[in-house]
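First up is the structure itself, then whatever we jot down about it.
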Amino acid sequence: MEHQTLLGMIGLGSKENLYWISILLFVGTYAMIILEKFFHRVPAALLGGTLAIFLGVVTPEGAWEAIDHNTMFLLIGMMVIVSVLIESGFFSILSYVALKFTKGDPFKIILTFTMLTAVLSAFLDNVTTVLFMIPILISITSKLKLKPVPYIIATVLASNIGGTATLIGDPPNIIIGSLGGFTFMDFIVNIAPIVVITHIIGTIVFIGMMKYQGHLEVKMTDAEELKRIIEGQKIEYDVILMRKGLIVFGITIILFFLHHVLHLEAGTIALFMASVLMLWSRENPEKIFERVEWTTLMFFLGLFVVIGGLEHSGVFEDAAHMVAGVITDPISGILILGGLSAFISGIVDNIPFTMAMSYVLIDLGKTAAFNVEPLWWALALGACLGGNLTIIGASANVVAAGLAEREGYPIKFFDFVKQGTPVTVVTVIVALGLLWLKYIIFGV
């Protein structure tokens, strides 16, 4: 039986009308997210998603398909594992170690966390890394009377940059590897060196901004007081629970590396291992699920459906073909495709756009008189680095915002934009410039 929509009943259900309504729904939802003084982003996203179904932009079945279940499963699974590790006292120990290592120096804290986060994000996914690092960072900065938000944003930016380096670091890369036929080593050879240089320059830019804004000033000037904070930190831990949590976490990471061999998505692995940990630890599930960021998950749920409306209406497909239409050679294509991918990925979820653009590149590769491989790398760099543009540009951003808000440090939309935009602009220009030079010099 054909699904009857509200707009169809009143004669406004044409494909063209649904096309423009999907765009209006996205713009309206985005406007409410930006106007966070008047609207909380979670009900705004849910309203946009349910309106898309209500008006018939997507069917209920289409809305369900629009939800990226791999991302949702990954978030839930890793949040559960992290929740058990928090309960075991593991993060309290790491916080103590980090405090002793950095000696409370804001510059050392920002440098240590951004470097470590970038490296981990290259070999894990950046959402897992953020879930792991942010609780430690909040604990340290709050104890040292520093403002946690700039440090959180810096860490998130580093996670998105680091995740760009490898096949498994960011979902767009997984899509590009699968559809473009690229291996883990292809990313290491073609993308990783560019990302290393880009990360160094991005870190310099952000640290410079933080220093200019006064966020790197030492607030804890009394050496004895600092020593008392470090040495007097109360650490309660459960060795048995911690051992179980770390074993499961370690196996989960190993399975992430093998997920292509096992033909399992990262989300399936995370949710399976989280279930194993809950059974093995015998912790109260209600207590564990109290730490799961349900508001973040609901935000993703609504946003996926809104963006699914754009995809279902053909907006992404049209945008992808418009880009392909102006690309006449790989030299200009690197800059056009990479720049536009960065901009679009900064304002919408980069997964459906990457998917649409990948199919366009496959078709372009069959008819173009030039080598399209550099365009795949431009798409990867733009889609991943562009996520640093806004707070909803990447999954890691939303997750970090949820964790920060829970601890009483909300990250405002424009606060993130103010910090993220300069870094995004610089890193995208540097990365695409290096890719462009690589093609000019080596022809590949």
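The values are calculated or read from the model by the stated rules, or taken from the named source; none is laboratory data. If you're wondering where the values come from, they're calculated on a predicted model, not measured in any experiment. In this analysis, Cβ positions are derived from the backbone assuming ideal geometry, glycine residues included, and neighbour counts consider all displayed protein chains. Side chains are part of the model used for accessible areas, which takes the heavy atoms of the whole protein and leaves out ligands, DNA and RNA. Shrake-Rupley method; radii C 1.70, N 1.55, O 1.52, S 1.80 Å.
General remarks:
Condition check ((1) at pLDDT below 90; (2) touching an Asp or Glu at 6+ places or on another chain (Cβ under 8 Å); (3) open to solvent by less than 40 Å² (accessible area, probe 1.4 Å)) across all residues:
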site	(1), (2), (3)
Ala342	no, no, yes
Gly346	yes, no, yes
Asp349	yes, yes, yes
Lys366	yes, no, no
Val372	yes, no, yes
Leu381	no, no, yes
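- Within the stretch 175-195, the set of residues being part of a helix (DSSP H, G or I), in contact with a helix residue (DSSP H, G or I) (Cβ under 9 Å, 6 or more places away or on another chain) and closer than 25 Å to Phe113 by Cβ comprises Phe187, Ala192, Pro193, Ile194, Val195.
- Hits in the stretch 139-152 (condition: open to solvent by less than 10 Å² (accessible area, probe 1.4 Å), aliphatic (A, V, I, L, M) and closer than 22 Å to Ser83 by Cα): Ile140, Ile152
- Candidate set from the stretch 409-442 (those that are open to solvent by less than 50 Å² (accessible area, probe 1.4 Å) and free of Cβ contacts under 8 Å to residues at least 60 places away in the same chain); member that is farthest from Phe187 (Cα to Cα): Val417
- Residues of the stretch 336-351 that are in contact with a helix residue (DSSP H, G or I) (Cβ under 6 Å, 6 or more places away or on another chain) and in contact (Cβ under 8 Å) with a residue 60 or more places away in the chain: Gly338, Ala342, Ser345, Gly346, Val348, Asp349, Asn350, Ile351.
- The residues of the stretch 399-438 that are of a type in the set (Val, Ile, Thr), farther than 17 Å from Ile344 by Cα and modelled with pLDDT under 95, listed by number, are Val399, Ile411.
- Hits in the stretch 30-52 (condition: open to solvent by 60 Å² or more (accessible area, probe 1.4 Å) and more than 18 Å from Gly308 (Cα to Cα)): Leu35, Lys37, Phe38, Phe39, His40
- Per-region count, the stretch 57-92, residues over 17 Å from Val399 (Cα atoms) and either open to solvent by less than 10 Å² (accessible area, probe 1.4 Å) or in a helix (DSSP H, G or I) (or both): 17
- Of the criteria (1) modelled with pLDDT of 90 or more; (2) within 28 Å of Glu373 (Cβ to Cβ); (3) surrounded by fewer than 24 Cβ atoms within 10 Å (Cβ to Cβ), which one Ile174 fails: (1)
- Restricting attention to the stretch 114-125, the residues that are modelled with pLDDT of 80 or more and surrounded by 24 or more Cβ atoms within 10 Å (Cβ to Cβ) total 5.
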